[in-house]
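Please read the structure below before turning to the comments.
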Amino acid sequence: MPEDQVTIYDLTTRTFTSIPQSELASGMVRGQVVGHEGVVWMEAEQLKISDYRHPPFTGDRKLEVLTLVYAFPGVYEQTYAFWEDGFRRDLNPDREIAVWKHIAAVYGKHARGHALAYRQELFSLVLACSSADAERIGLIFQCAVIPDHDYREITRDYYGQ
């Protein structure tokens with residue numbers, strides 16, 4: 001059976017190419033390109049910070065972002081200003097906030113009562129789940145601390161299976 005292909009976008013040449021998913025290099029990040037349908041992969045080193053696309057957050061959106069400040073204690077502690085800054089630069093901040101809320105929910109469910117090393121790997125796993133589909137997560141992430149039965153439960157929870 002032929003291997004699934006992924007689209008690579010080269011920011012320097014502004015060209016799209018297709019490669020087998022197994023050939024994705026480390027340092028590639030998943031994203032979207034305005035005017036192009038679907039997900040593309042880009043070299044993280046080529047990315048630059050965009051200007052603000054949205055005004056400072058208020059109301060419910062601000063409260064949603066504020067929950068992320070406290071979602072990953074000891075593992076990924078960021079200020080409200082950090083989170084808002086990134087989301088204000090996104091094309092679709094509500095979608096990105098929803099992704100991070102889902103990451104936080106799965107992380108929170110499985111982090112309780114575990115040591116720091118477990119929680120760090122859990123964060124990395126759930127973050128990896130956000131950029132890979134359920135069939136491919138095992139190709140891009142190998143657990144060193146999390147037991148197999150926990151891994152299966154975490155990925156089931158992330159992907160809703």
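The values are calculated or read from the model by the stated rules, or taken from the named source; none is laboratory data. On a predicted model such as this, the values are computed, not experimentally measured, just so you know. Methodologically, a virtual Cβ is constructed for each residue, glycine included, from the backbone with ideal geometry; neighbour enumeration extends over all protein chains shown.
Values as computed for the structure displayed
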read-out	value
Test result for Y76, within 29 Å of C143 (Cβ to Cβ) and not in a helix (DSSP H, G or I)	yes
Selected residue (criterion: surrounded by the fewest Cβ atoms within 10 Å (Cβ to Cβ)) from residues of region 2-28 that are within 19 Å of the chain's Cα centre (by Cα) and not in a strand (DSSP E or B)	S26
Residue tally, condition in a loop (DSSP other than H, G, I, E, B) and touching a residue at least 12 places away in the same chain (Cβ under 8 Å), over region 29-40	6
F87 being assigned to a loop (DSSP other than H, G, I, E, B) and more than 30 Å from P20 (Cα to Cα)	no
Selection count where residues are without any contact (Cβ under 8 Å) to a residue 12 or more places away in the chain and either on the phi < 0 side of the Ramachandran plot or not in a helix (DSSP H, G or I) (or both), scope region 41-61	3
Single condition E84 does not satisfy, out of (1) free of Cβ contacts under 8 Å to residues at least 24 places away in the same chain; (2) more than 26 Å from C143 (Cβ to Cβ)	(1)
Flag if G74 is on the phi > 0 side of the Ramachandran plot and either in the same structural domain as I154 (by TED's automatic domain parsing) or aromatic (F, W, Y) (or both)	yes
Filtered residue count, region 1-54, keeping only those that are farther than 19 Å from N92 by Cα and not charged (D, E, K, R)	25
A71 vs. criteria outside any helix (DSSP H, G or I), within 16 Å of the chain's Cα centre (by Cα), more than 29 Å from T17 (Cα to Cα) and of a type in the set (A, V, I, L, M)	yes
Complete set of residues in region 8-28 that are under 19 Å from A128 (Cβ atoms) and hydroxyl-bearing (S, T, Y)	S22, S26
Residue under evaluation R53, criteria (1) in the same structural domain as L127 (by TED's automatic domain parsing); (2) of a type in the set (D, E, K, R); (3) surrounded by 12 or more Cβ atoms within 10 Å (Cβ to Cβ), criterion not met	(1)
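Listed here are the residues, each with its yes/no results for (1) of a type in the set (S, T, N, Q); (2) touching a helix residue (DSSP H, G or I) at 6+ places or on another chain (Cβ under 9 Å); (3) surrounded by fewer than 13 Cβ atoms within 10 Å (Cβ to Cβ); (4) within 24 Å of A128 (Cβ to Cβ).
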| site | (1), (2), (3), (4) |
| --- | --- |
| R30 | no, no, no, yes |
| R61 | no, yes, no, no |
| E64 | no, yes, no, yes |
| L68 | no, yes, no, yes |
| E77 | no, yes, yes, yes |
